[in-house]
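In what follows, a structure is listed as structure tokens, so that the remarks can point back to it.
Each value in this text was obtained by applying a stated rule to the coordinates, not by laboratory testing. These numbers come from a predicted model, not from an experiment. Reconstructed Cβ throughout: ideal geometry from the backbone, glycine too, with neighbour counts over all protein chains shown.
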Amino acid sequence: MQSPLGLMVEALVVVYAVLVASLVGSFINLAADRVPRGESVVRPRSRCRSCGRVLNILDLIPVAGYLIRRGRCATCGVQIGASSPLIEGLCALAMLMAISLLGLARGAAAGFGAVALIGAIWVGTSVARAPIRRGGSRLG
């Protein structure tokens with residue numbers, strides 16, 4: 001049997017893993033938005049595509065930022081797609097389910113594998129749906 005301190009540390013590690021998975025989900029959304037358009041996933045900072053406002057820390061909190069802003073840009077009010085919190089939440093849920101089923105160490109590894117698979121599918125789908133650019137390449 002684990003000590004109360006050991007249980008608390010394990011719970012904090014689980015919360016941390018789920019939070020990291022949701023942050024990776026946020027990055028997946030960014031990549032799915034930018035890669036099909038041939039843009040960098042590093043720069044510039046995240047911004048509203050409608051008004052250009054740079055997103056602040058509140059806007060970037062996975063799922064909660066979307067809920068706090070009621071799914072709209074804080075400046076221009078344009079609606080943000082529901083896929084953003086959906087992917088972030090799906091990544092967090094994949095991590096939580098994997099840890100619940102497999103234990104902390106194996107579950108975290110499987111959870112990150114599941115998050116990577118979600119990312120590959122979501123970004124790949126976004127690239128496949130993108131209009132073909134001149135020259136016949138979607139990525140060129």
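Using r as the Cβ-Cβ distance of Ala109 and Arg47, and R0 as 25 Å, what FRET efficiency do you calculate, to the nearest 0.05?
0.15
Taking the Cα centre of the chain as reference, the dipole from Cβ charges on Lys and Arg (+1) and Asp and Glu (-1) amounts to some 820 debye.
Within a Cβ distance under 12 Å of Ser26, other residues only, what is the Lys/Arg minus Asp/Glu net charge?
Combined, the nearby Lys, Arg, Asp and Glu give -3.
For the range 52-59, 3J(HN,Hα) computed residue by residue from phi via the Karplus equation (6.51, -1.76, 1.60; θ = phi - 60°) reads x, 4, 5, 6, 9, 4, 5, 5 Hz, glycine and proline entered as x. Under conditions of 4 °C and 1.567 mPa s, the range 72-117 yields 110 µm² s⁻¹ as its translational diffusion coefficient, taking Rh as the Kirkwood radius over Cα pairs in the Stokes-Einstein equation. One way to sum up the overall shape of the range 10-107 is the equivalent ellipsoid from its Cα gyration tensor, whose semi-axes run 28, 15, 11 Å, largest first. Only one residue of Gly65, Leu55, Leu93 has its Cα farthest out toward the positive end of the dipole of the chain, where Lys and Arg carry +1 and Asp and Glu -1 on Cβ, and that residue is Leu55.
Residues whose amide H comes within less than 5 Å of that of Arg47, counting only those at least five positions distant or on another chain, are Leu55 (H built at 1.01 Å from N in the peptide plane).
Dipole orientation for the chain: of the candidates Leu104, Cys76, Gly6, Cys76 has the Cα lying most toward the positive pole (charges on Cβ; Lys, Arg +1; Asp, Glu -1). Relative contact order, whole percent, for the chain stands at 31, derived from Cα pairs under 8 Å and 6 or more residues apart.
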